[in-house]
Amino acid sequence: MPQPLREPTFLILAALAGGPLHGYGLIAEVDRLSDGRVSLRPGTLYGTLDRLTDDGHVTADREEIVDGRLRRYYRLTPDGETALRAETERMRRHVQAVAARLHGLGTTAMIGRVPA
Amino acid sequence: MSDQQLALAYRKLLFAYPARYRAERGDELIGAYLEMAGDRRRPRLADATDLILGGLRRRLRNVGLAGLADGLPIAAALAMAAGSALAVFFLLTVESGKVSTVGWLRVGPFATLGSVVFVAWLLAAVTAAVAPGAPTRLAVAGTIGTLLVVTVLSKQSLAMVRVDGLPAYIIVPLLGLALIALAQARDSGWLLRLLPLSSAIATAVWIMVGGADVSRVAQYESCCVASEPLPMALTAAALGLLLAGTAAAVALGRRGDQRGLWALTILVPPVMLLVSMWLDGLEPFRSVGSFVGSNDISIVVAGMSAAALTAVALPLSLSRLLPLLNRRRETFDDPVS
């Protein structure tokens, strides 16, 4: 059974699901996807990208020079897409299970409530 | 500072990365930082920390020890929990006693200057619960600062008042635990956030209901017989750390997550420091410790030797063992391949 992805890893893969991105683009996209809650720094980002590359989930796509700065783009591999889908499905099942319980809780509370 | 100067400042901060990695990825890393910089004129402290830690993680990865970085947040919470339990124990026993005599410094209701360290430790535990991440790391750094100040001031005279502090056999393990506790993560879950405070409360309750024979715990000088109450408290903290680390290794390991195993590996050196009194009677640590002669210092040297040995040998052994275990598990999971 694959182990659950950590949140920054999940968000990086999710950001790349929209297409290849370079380092700063990834940081901005992860920030947007998490509503500003997860703000990656380059040292942390590249550490995670190295691990994802070694695991075969991400690969370098292309390079370009913009304003004299090197931009290397990364893209999701088929294995990365599979991992992202598996994690999304795992989370979806959790959300469904909890939502069902909360729905039941709401119904119980309604039944137990005495009209004023 | 111009764009080029800022780039140069960031390049200097890449020193922690291996040279080959710097050559391959340095421009890319600096480019990302420059794009984030806006009108910033120089790197921030957080940028320096990020790049230095990133470089260290890369070096660990190069020698197959990337797991150490993954296990650190768990180890940090457990180390802080052990230190919090000890802080409460010492505050409610030695520090609450009335052993100080005329001419010796008392700190408020407490018997020695060492109480400052324990209060600082408990403040860090509270910070971990309410503000994990940078504020907690700052609080832990403050605790380390108080440890160093107390160490320097111990046995000194300040304005005709003698200052009693903490003995080396308590300072060194606490320093080991605090250095690991510095790695507190910002996004650790509630369990890890509340662990230090919970262990402090549990220890206080245990002492209050009579779990510890407080009357036998008079002062720190009851070193260095391992069966005395103070050494027993250190031993209990060591056992607690080992048990909690093993529980984390087993619980996470069942899901194929090896962070708990790495955390346990990180915790073994401070465990050695905590049980240095027992190690002082064992070879080869007894021989190493006996070089310095003095009883309490020889005990600390014995503990530090064992800590240094396990800090190197265990992670290296684990890094060689894990690939074999993983390969075996894959074969077991998929016997056809």
Completion exercise
Helix B:134-153: inclination vs chain B longest Cα principal axis, degrees, rounded to 10, gives 40
Exercise for the section: Specify the residue with the greatest mean-square fluctuation among B:ALA178, B:ALA111, B:ALA19, computed from a Gaussian network of chain B linking alpha-carbon atoms under 10 Å apart. Expected result: B:ALA19
Problem - Backbone HN-Hα couplings from phi across the stretch A:83-96 [Karplus 6.51/-1.76/1.60, Hz, Gly and Pro as x] - result: 5, 5, 5, 4, 5, 4, 5, 4, 5, 4, 5, 4, 4, 4
Practice task
Tell me the label-point distance for the pair A:ARG62, B:ARG286, using the 7 Å Cα-to-Cβ offset, in nm and rounded to one decimal.
Solution key: 7.2
Practice task
State, to one decimal in nm, how far the label point of B:TRP190 lies from the label point of B:ILE297, with both points 7 Å from Cα in the Cβ direction.
Solution key: 5.0
Completion exercise
About its Cα centre, chain B carries a charge dipole, from +1 on Lys and Arg Cβ atoms and -1 on Asp and Glu Cβ atoms, whose size in debye to the nearest 20 is 560
Fill in the blank from the handout: FRET efficiency (A:ALA17, B:ASN62; Cβ distance; R0 25 Å; to 0.05) is 0.25
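Given 0.36 nm per residue, what is the gain on full extension from B:VAL312 to B:ALA131 after removing their alpha carbon distance, in nm?
Using 0.36 nm per residue and subtracting the Cα-Cα distance, I get 61.9 nm.
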Fill in the blank from the handout: Honestly the protein assembly as shown on the Cα gyration tensor test (a ≥ b ≥ c root eigenvalues; a/c under 1.5 rounded, otherwise a/b vs b/c for prolate or oblate) is just prolate
Practice task
Using the Cα centre as the reference, give the magnitude of the dipole from point charges on the C-beta atoms of the stretch B:226-326 (Lys, Arg: +1; Asp, Glu: -1; all else neutral), rounded to the nearest 20 debye.
Solution key: 500
Fill in the blank from the handout: In deg cm²/dmol, rounded to the nearest 500, the helical mean residue ellipticity at 222 nm of the protein assembly as shown, built from -39500 (n - 2.57) for every DSSP H run of length 4 or more, is -22500 deg cm²/dmol
Fill in the blank from the handout: Each residue of B:55-67 has, on average, a number of other protein chain C-beta atoms within 10 Å of its C-beta equal to 2
Problem - Dipole in debye (nearest 20) - the protein assembly as shown, about Cα centre, beta carbon charges: Lys, Arg +1; Asp, Glu -1 - result: 320
Problem - Gain upon complete extension [B:ARG11, B:LEU138; 0.36 nm per residue less C-alpha separation] - result: 43.1 nm
Completion exercise
Within the under-10-Å Cβ sphere about B:ARG25, not counting B:ARG25, Lys/Arg +1 and Asp/Glu -1 give a net charge of 0
Handout entry: Average beta-carbon neighbours from other chains, 10 Å sphere, peptide A:53-60
Key = 0
Handout entry: Label-point separation, A:ARG75 to B:MET36 (7 Å along Cα→Cβ), nm
Key = 2.6
Problem - Residues whose placed amide H lies under 5 Å from that of B:LEU182, excluding near-sequence neighbours - result: none
Exercise for the section: Please give the average number of partner chain Cβ atoms lying within 10 Å of the Cβ of each residue in A:35-46, rounded to a whole number. Expected result: 6
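Is the shape of chain A best called rounded, prolate or oblate, per the rule: a/c under 1.5 gives rounded, else a/b larger than b/c gives prolate, else oblate, with a ≥ b ≥ c the square roots of the Cα gyration tensor eigenvalues? Don't skip to the answer; put the middle values down first.
Working: a/c = 3.78, a/b = 2.32, b/c = 1.63.
Since a/c reaches 1.5 and a/b is larger than b/c, the shape of chain A is classed as prolate.
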Completion exercise
In whole Hz, the Karplus estimates of ³J(HN,Hα) for the stretch B:168-184 (6.51, -1.76, 1.60; θ = phi - 60°; x where Gly or Pro) are 4, 6, 9, 4, 5, x, 5, 5, x, 5, 5, 5, 6, 5, 4, 8, 4
Fill in the blank from the handout: So for R0 = 22 Å, FRET eff. of A:ARG93-B:ALA251 from the Cβ-Cβ r, to 0.05, ends up at 0.55
Fill in the blank from the handout: If each K or R counts +1 and each D or E counts -1, the residues other than A:THR82 whose Cβ falls under 14 Å of its Cβ total -3
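Rule-based calculations on the coordinates, nothing more; no lab input. Computed from a predicted structure; not experimentally measured. Positions of Cβ are backbone-derived with ideal geometry, glycine not excepted, and every protein chain shown enters the neighbour counts.
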